[in-house]
Amino acid sequence: MKILIIQDTDWLKRNPAQQHHLAEMLSLRGHEIRVIDFEILWRTQGRRELHSEREVFSNICKIHKGARVTVIRPGIIKIPLLDYISVFFSQKKEVYRQIKEFAPDVIVGFGPISYLAGTAARSYHVPFIFYWIDVSHRLISSKPVQLIAWTLERITLRLADRVLTINDKLKEYVIKIGAPPERTQVLRAGIDFAHFDPSISGDTIRERYGLAKEDVVLFFMGWLYKFSGVKEVALQLGKSGNSNFKFLIVGDGDLYDELNQLKEKCSVSDKIILTGKKPYAEIPALIAASDICLLPAYPTKKIMQDIVPIKMYEYMAMKKPVISTKLPGVMKEFGENNGVVYVDKPEDVVKKATELVHDGNLEELGLKARGFAERYSWDNITDEFERVLKEATSRKETLNSRDT
C-alpha cells in the first residue's frame, strides 16, 4: 500500500511516538510511506529566516533499522501565530499535491491539521483514518488558534472512515465530541521487546553520571512541558533529607533551561542530572540505570486527562515500577496492582518513592509492570493497524464500484 500520513508536529526532532513506530514497521513490511509534517520547533531549533521553503527528507529511520520513510515539510512563515496560519495553507497544497503525485491508497491523520487530509480524501474518494494519540488542540498556546483547532477536530471526526484512539479514555472523549461509535476503536501503543529488554545493564550509565550503587535513581524521559511536574519533583527532592536519592532527567523542551538554573539556585546540583535529548538506541540502558520511573504531570491539566504516554509501556517493559499522578487515562489503562503506583500531585512523588524503597516493594512492582507490558508488542499492534488500513481501502473500493 501507499500510505500518506499528515501531522501537526515535527517528525524529525520530536521524540518517537506511535506514528513513528507504525510507519517504520509498515515500511519494513514493504509499504511505501510518506509523511507531511510541520516544523513546529522552528522558534528554538530552526534556522533564522522569515520564510522556509518546502523540503523533502528521504529514507528517514528513527527507530526500526532498515525502515525508509519520506518526510515532506511544507514551507511556513516563521512569525508566531502566522506559522499556524501559513502551515494550514501550505499543508493543504501539499496534501492535494501528494494525492495527485503519490496516489495514496489510504491517508492517516494525526492532530487538528488532519481536517485538510479528511476533506481532500473525501474529494478524491481516498480512505481516511483519523488517529488520536492525544488531545492535540490543548497543546496550542494561542487560545483563538486552540478554539479553531478544536472545531476542526470535531468536523474531522465525521469525515473519517475510521477513528482510532490510543486508549479507552481517549475513545470515550472522541465519541463524546462526535466520533461515530461504530467507526471508533482503540489501537494501543506497543513495545519492541528486543529493544526494551530488562536484562540490559544500566551500570555503564550509572558510572557515567557518577551514580553510586546505593543511590536510588528516579527517572523521567520525554519532552519537558511546563505541566510535566518534573520541576516540582526536583524541588521536593531538594527539600528532602534523602541524600542518596537522585533524579535522572532525559529530554529537552520548555523546562530545560529552568531546571538547569534550579540546580544551582536550590543547591540540588548533586541530586539532579540533566542529560538532554538522547538517541532512541540509548533509552533502554538509561531506564535500566533507574530504580523508579515517573509520570508526575499535573492531573488538573486538560491535555493530560485522556492520554497514556508511550513512555509508560517502555518503563514497564524494562521491569521498572512507575509512580504516576492520578491521570484518568493512565488509571483506566493500568488500574491497580500492575506495577503503577498513584499520587495526587507531583509534590507527593518523593514521599511515595521513599515509602516504596523503605517497604522493599520495588522488585515486586517491577515484575508486575513487566507482566502487564508483555500483553503488547509492536508486531501485534502493526498487524491490527495494517488490517484496519486494508479494511478501509477495500470498503472504499467497494463503495466506489457501486457508484460507477
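Would you mind calculating the gained length between residue 395 and residue 282 on full extension (0.36 nm times residue separation, minus the Cα-Cα distance), in nm to one decimal?
36.5 nm
Given Cα pairs under 8 Å that are at least 6 residues apart, what percent is the relative contact order of the stretch 185-270?
31
Once you've got the Cα coordinates, tell me which of 2/65; 271/345; 65/176; 213/302 are over 31 Å apart.
Those over the limit are 65/176; 213/302.
According to a simple spin-label model (label point 7 Å from Cα along Cα-to-Cβ), what is the distance in nm between residue 212 and residue 155?
It works out to 6.2 nm between the two label points.
Using a simple charge model, +1 on the beta-carbon of Lys and Arg, -1 on the beta-carbon of Asp and Glu, nothing else, what dipole does the chain show about its Cα centre, in debye to the nearest 20?
1020
Taking 1 over the mean of 1/r across every pair of different Cα atoms in the stretch 83-152, what Kirkwood radius in Å do you get?
Its Kirkwood hydrodynamic radius stands at 12.7 Å.
Using unit Cβ charges (K, R positive; D, E negative) and no other charged atoms, how large, in debye to the nearest 20, is the dipole of the stretch 21-150 about its Cα centre?
Using Cβ point charges on Lys, Arg, Asp and Glu, the stretch 21-150 gives about 120 debye.
Using R₀ = 30 Å, calculate the FRET efficiency as 1/(1 + (r/R₀)^6) where r is the Cβ-Cβ separation of residue 147 and residue 182; round to 0.05.
Calculated value: 0.55.
Counting just the Cα atoms, what span does the stretch 199-332 cover along each of its three principal axes? Round to the nearest Å and put the largest first.
In descending order, the Cα extents are 38, 37, 27 Å.
For the stretch 255-327, compute Rh as the Kirkwood radius over C-alpha pairs and then the Stokes-Einstein diffusion coefficient at 10 °C and 1.306 mPa s; write the answer in µm²/s, rounded to an integer.
Here the translational diffusion coefficient equals 112 µm²/s.
Place +1 on the Cβ of every Lys and Arg and -1 on the Cβ of every Asp and Glu in the chain, take the dipole about the Cα centre, and give the residue among 95, 371, 111 whose Cα lies farthest towards its positive end.
Ranked along the dipole, the leading option is 95.
Spin-label point model (7 Å from Cα, Cβ direction): what's the residue 61 to residue 29 distance in nm?
1.9
Among 256, 341, 71, whose Cα projects farthest towards the positive end of the dipole of the chain, with charges put on the beta-carbon of Lys, Arg (+1) and Asp, Glu (-1)?
Sorting the options by dipole projection puts first 71.
Taking the Cα centre as origin and putting +1 on Lys and Arg beta-carbons and -1 on Asp and Glu beta-carbons, what dipole magnitude results for the stretch 172-248, to the nearest 20 debye?
For the stretch 172-248, the charge dipole is close to 340 debye.
Would you give the gap between the C-alpha center of the stretch 217-231 and the C-alpha center of the stretch 126-189, rounded to a whole Å?
26
Picking from 93, 62, 319, which is most flexible by a Gaussian network model of the chain using Cα springs under 10 Å?
93
Could you work out the helix-only [θ] at 222 nm for the chain, with each DSSP H run of four or more residues adding -39,500 (n - 2.57) and the total divided by the number of residues, to the nearest 500 deg cm²/dmol?
My calculation for the chain gives -12500 deg cm²/dmol from helical runs alone.
As a quick test, which of the pairs 231/368; 239/278; 13/100; 278/319; 231/265; 169/319 have an alpha carbon distance above 23 angstrom in this structure?
Over 23 Å apart, Cα to Cα: 231/368; 239/278; 13/100; 169/319.
Too long at a 20 Å Cα-Cα cut-off: which of 171/277; 171/332; 277/351?
171/277; 277/351
So how long is each side of the chain along the principal axes, counting just the alpha-carbon atoms, biggest first, in Å?
Principal axes ranked by extent give 73, 46, 40 Å for the Cα atoms.
Just to verify a number: what accessible area does residue 154 come out at with the full protein assembly present, 1.4 Å probe, Å² rounded to tens?
80
Which percentage, to the nearest 5, of the DSSP beta bridges contained in the chain is antiparallel?
Of all bridge pairs located within the chain, approximately 10 percent are antiparallel.
Among 175, 52, 198, which residue has its Cα positioned farthest towards the positive end of the charge dipole of the chain, with +1 placed on the Cβ of Lys and Arg, -1 on the Cβ of Asp and Glu, and the dipole taken about the Cα centre?
The one lying farthest along the dipole's positive direction is 52.
The values are calculated or read from the model by the stated rules, or taken from the named source; none is laboratory data. Treat the numbers as computed from the prediction; the structure is a model and nothing was measured. In this analysis, Cβ positions are derived from the backbone assuming ideal geometry, glycine residues included, and neighbour counts consider all displayed protein chains. Ligands, DNA and RNA are stripped out before the accessible areas are found, and what is left, the full protein with its side chains, is counted by its heavy atoms. Shrake-Rupley method; radii C 1.70, N 1.55, O 1.52, S 1.80 Å.
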